[in-house]
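Chemist: Following this message is one structure expressed as structure tokens.
The values are calculated or read from the model by the stated rules, or taken from the named source; none is laboratory data. All figures in this text were calculated on a predicted structure; none of them were measured in a lab. Because the Cβ atoms are built from the backbone with ideal geometry, glycine has one as well, and the counts that use them run over all protein chains shown.
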């Protein structure tokens, strides 16, 4: 039986870890990390086949955080899942830490580097092809940002995944609608992203990305669907900066570092479970 | 006579029979790289991306992260420039076992014109950490280096041209990463060349020898790492080095030799190549004549340097 409340608590813990690590580093991206907290929680604490004792286990499920700047929430999940010490989170972006500004496989549990946007989905296609060719049954998950899909390479990868019927590849669009300099609509209106991916040959699921229950239900449905002959894309509707009232929906919190006062307020909200 | 790119495609197909980790990620270059047999023999290991080089390179990174040995090949302008971000940030940064191939390198690409002539690829690739850079001169060498880089873990960039190449080596010749071949001995000047320019350098050296001008010719097929010992010996023994490459004179083979000699064994290094300009459309021979990639021009330059 899945303990939904425990997963909700973990998502909140990942938010606390994210804000704290960025605050201590005085550098990092909070907004898009907070919007992804529930999804990453479900992946690392419910769904993915992993072994923290053997991070490079060949049969493990893979996860690519293609929106690599959201690394703090991934690092929090990996540390809380036992891939490395929780204390390491306090050394985010520091010269003697393996926790780089964007993910890198030198960090135990990280499957692929990211940072330059638009490349992760292609790498996920490569991993999914490798599974098919070597007859392995692991799944590949790739989370993208909604600003990131303005990169043309995403659509090159989308074509390839559909061509090769990669039903072992699950894309996740963290649809928080805000990017570095403003909203998606202000910078580059993408129209109906569901229809775009659908027209490229993907099966589309649209969910509330802050609902643990919906995420679990959708992922279980996809991975148990034996008739699926195409890649799946979950449009995960989220709020940038989710969980900290003054950060929610604000482009300014894409890459800003909280002041001491803001940090204290954020901690109070997160630890008080107000949101 | 076959082109190096044909020898490459044949070798990948041949190796795949005994190495099931070898995979090809293609971007509509199946005939250009002579991948036809591989695609026919190993369809489950041949992935066609269409005209999407960036996607091709990142897919290769994903495959490599799962233990495969991917080959990614296209025109050198595209693997080294269109997909540079992907080569740097996904392949080299992670030190993945991806073999990146640039065919149709240099102005020998000819008729397609400057947009398709890679004259910066050696300089670009050489500047990226982790990757090694090879520029074979002949089909036998291409085949052997393809095998060696497949057996050697890590990212490689191999560049070669479009047209058929005269063979300068026999089947028993040995090559290695960081090696070179001294094809002619001489003490008045050393020519360090790579790719097709090696053939021209040998022809020039043979003609010069008839006039008692003794020129050493080094085939510097491994540009990074480079055979520094052989360069140092040449600098000390001949005191004059002429580098020749089908590439811009900035940052390529001549750049690599100059950087090394300036620090370790100062001697005069003169660089022959494309003189920091874009070339034009034309046949290989017409372009080589126009930009000075000829036996006659090498002879003239050597005489000028030796007598000067």
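Chemist: Considering only segment B:89-101, I want to know if a residue exists there that is touching a residue at least 60 places away in the same chain (Cβ under 8 Å), surrounded by 24 or more Cβ atoms within 10 Å (Cβ to Cβ) and part of a strand (DSSP E or B).
Modeler: Taking every residue of segment B:89-101 in turn, at least one turns out to be touching a residue at least 60 places away in the same chain (Cβ under 8 Å), surrounded by 24 or more Cβ atoms within 10 Å (Cβ to Cβ) and part of a strand (DSSP E or B).
Chemist: Applying the selection to segment A:216-275, what residues are more than 20 Å from the chain's Cα centre (by Cα), in a helix (DSSP H, G or I) and loosely packed, with under 13 Cβ neighbours inside 10 Å?
Modeler: Selection gives A:245, A:260, A:261, A:264, A:268, A:271, A:272.
Chemist: For residue A:160, state whether it is over 18 Å from the mean Cα position of the chain (by Cα), modelled with pLDDT of 95 or more and surrounded by fewer than 24 Cβ atoms within 10 Å (Cβ to Cβ).
Modeler: Judged against the criteria, residue A:160 is not a match.
Chemist: Taking the criterion of being in contact (Cβ under 8 Å) with a residue 40 or more places away in the chain, under 30 Å from residue A:9 (Cβ atoms) and assigned to a loop (DSSP other than H, G, I, E, B), would at least one residue in segment A:180-202 satisfy it?
Modeler: no
Chemist: Checking residue A:166 against (1) surrounded by fewer than 19 Cβ atoms within 10 Å (Cβ to Cβ); (2) closer than 19 Å to residue B:26 by Cβ, which test does it fail?
Modeler: The one condition residue A:166 does not meet is (1).
Chemist: How many residues are within 14 Å of another protein chain (Cβ to nearest Cβ) and assigned to a helix (DSSP H, G or I) when one looks only at segment A:66-91?
Modeler: 2
Chemist: Ok, one more. For segment B:22-39, how many residues are within 19 Å of residue B:68 (Cα to Cα) and surrounded by fewer than 19 Cβ atoms within 10 Å (Cβ to Cβ)?
Modeler: Number of matching residues: 1.
Chemist: Applying the selection to segment B:201-230, what residues are in contact (Cβ under 8 Å) with a residue 40 or more places away in the chain and closer than 17 Å to residue B:180 by Cα?
Modeler: Those that are in contact (Cβ under 8 Å) with a residue 40 or more places away in the chain and closer than 17 Å to residue B:180 by Cα: B:201, B:215, B:219, B:220, B:221, B:222, B:223, B:224, B:225, B:226, B:227, B:230.
Chemist: For the subset of segment A:92-135 comprising residues that are farther than 22 Å from residue B:56 by Cα and out of contact with any helix residue (DSSP H, G or I) (no Cβ under 8 Å at 6 or more places or on another chain), which member is farthest from the other protein chains (Cβ to nearest Cβ)?
Modeler: A:96
Chemist: Restricting segment B:32-57 to residues that are within 23 Å of residue B:119 (Cβ to Cβ) and part of a loop (DSSP other than H, G, I, E, B), which is nearest to the other protein chains (Cβ to nearest Cβ)?
Modeler: The residue in question is B:51.
Chemist: Looking for something crowded, with 24+ Cβ neighbours inside 10 Å and without any contact (Cβ under 8 Å) to a residue 60 or more places away in the chain - is there at least one such residue anywhere in segment A:21-39?
Modeler: Yes, the conditions are met somewhere in segment A:21-39.
A quick yes/no check of all residues on (1) in a loop (DSSP other than H, G, I, E, B); (2) in contact with a strand residue (DSSP E or B) (Cβ under 8 Å, 6 or more places away or on another chain); (3) more than 10 Å from every other protein chain (Cβ to nearest Cβ):
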| position | (1), (2), (3) |
| --- | --- |
| B:14 | no, no, yes |
| B:30 | yes, yes, yes |
| B:59 | no, yes, no |
| B:71 | no, yes, yes |
| B:74 | no, yes, yes |
| B:85 | no, no, no |
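Chemist: While we're here: Kindly provide the set of residues from segment B:110-139 that are more than 14 Å from the chain's Cα centre (by Cα), modelled with pLDDT of 95 or more and crowded, with 17+ Cβ neighbours inside 10 Å, ordered by number.
Modeler: Residues satisfying the conditions are B:116, B:128.
Chemist: If you don't mind, another one. Any residue in segment B:9-30 that's within 22 Å of residue B:77 (Cα to Cα) and outside the structural domain of residue B:49 (by TED's automatic domain parsing): show its pairings with residues that are surrounded by 15 or more Cβ atoms within 10 Å (Cβ to Cβ) and at pLDDT 95 or above at Cβ separation under 9 Å, as long as the two are six or more apart or on different chains.
Modeler: Taking only residues 6 or more apart or on different chains, not a single pair turns up.
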